[in-house]
Amino acid sequence: MRASGISTPPSIYTAYKKYEEIVDSPWNGFQLDVGVIGEGSTNVNRTEPPLVQYLAERGKIKQVHMRNIKGELNDFQEVYPDEGVIDLFKIMRIFRDAGYEGAFLPDHMPASLGDPGKLQAFAFGYGYIHALINGVNSEVS
């Protein structure tokens, strides 16, 4: 049941844009988690690219957590970067084209019985990010 006076929440794009516009400063920016955008979307591959492009072109992204999910809004599972629904290659192209020079980090990597400390999972995550960077850069080299 919705409380009186509360409307439907804004789209994730609208919410990020509004937050970004609160303080117009080069120091105001995001530690952007690609997975969080997916968690807040019903169609992440339609919603996320324009949002990432909007923020990246304005220099509002200071650090990126490259994470993937299966599912969507209110029904998702964190997975390895190559298993999810988010097109990370497309997202990495946007960062390349916008001239983003910040850090990319894996985040929330899944644990497994053979890797309870997630060391192998994070090594895979960093390797996957490195491959994404090399892949998108090879398109323009």
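Since every read-out is calculated from the coordinates, none of them should be taken as a lab result. Being a predicted model, the structure only gives us computed values, none of them experimental. Here Cβ is always computed from backbone atoms with ideal geometry, including for glycine, and neighbour counts include all displayed protein chains.
Could you grab me the full set of residues in region 45-81 that are of a type in the set (Ser, Thr, Tyr) and in a helix (DSSP H, G or I)?
Going through region 45-81, the residues of a type in the set (Ser, Thr, Tyr) turn out to be 47, 54, 80.
Scanning region 45-81 gives Thr47, Tyr54.
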### Residues satisfying the stated conditions in region 38-60, i.e. crowded, with 16+ Cβ neighbours inside 10 Å, hydroxyl-bearing (Ser, Thr, Tyr) and either under 18 Å from Gly102 (Cα atoms) or in contact with a strand residue (DSSP E or B) (Cβ under 7 Å, 6 or more places away or on another chain) (or both)
Ser41, Tyr54
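Scan region 99-129 for residues that are within 22 Å of Leu55 (Cα to Cα), of a type outside the set (D, E, K, R) and either surrounded by 11 or more Cβ atoms within 10 Å (Cβ to Cβ) or in contact with a Cys (Cβ under 6 Å, 6 or more places away or on another chain) (or both) and jot them down.
Residues of region 99-129 that are within 22 Å of Leu55 (Cα to Cα), as a first pass: 99-107, 129.
Still in the running and of a type outside the set (D, E, K, R): 99-100, 102-106, 129.
Listed by number, the residues that qualify are Tyr100, Gly102, Ala103, Phe104, Leu105, Pro106, Ile129.
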### Message
Among the residues in region 70-79, are any surrounded by fewer than 20 Cβ atoms within 10 Å (Cβ to Cβ), β-branched (Val, Ile, Thr), in contact with a Pro (Cβ under 9 Å, 6 or more places away or on another chain) and on the phi < 0 side of the Ramachandran plot?
### Response
yes
### Query
Could you say which residue among Gly84, Gly35 is touching a residue at least 60 places away in the same chain (Cβ under 8 Å), surrounded by 17 or more Cβ atoms within 10 Å (Cβ to Cβ) and not in a strand (DSSP E or B)?
Gly35
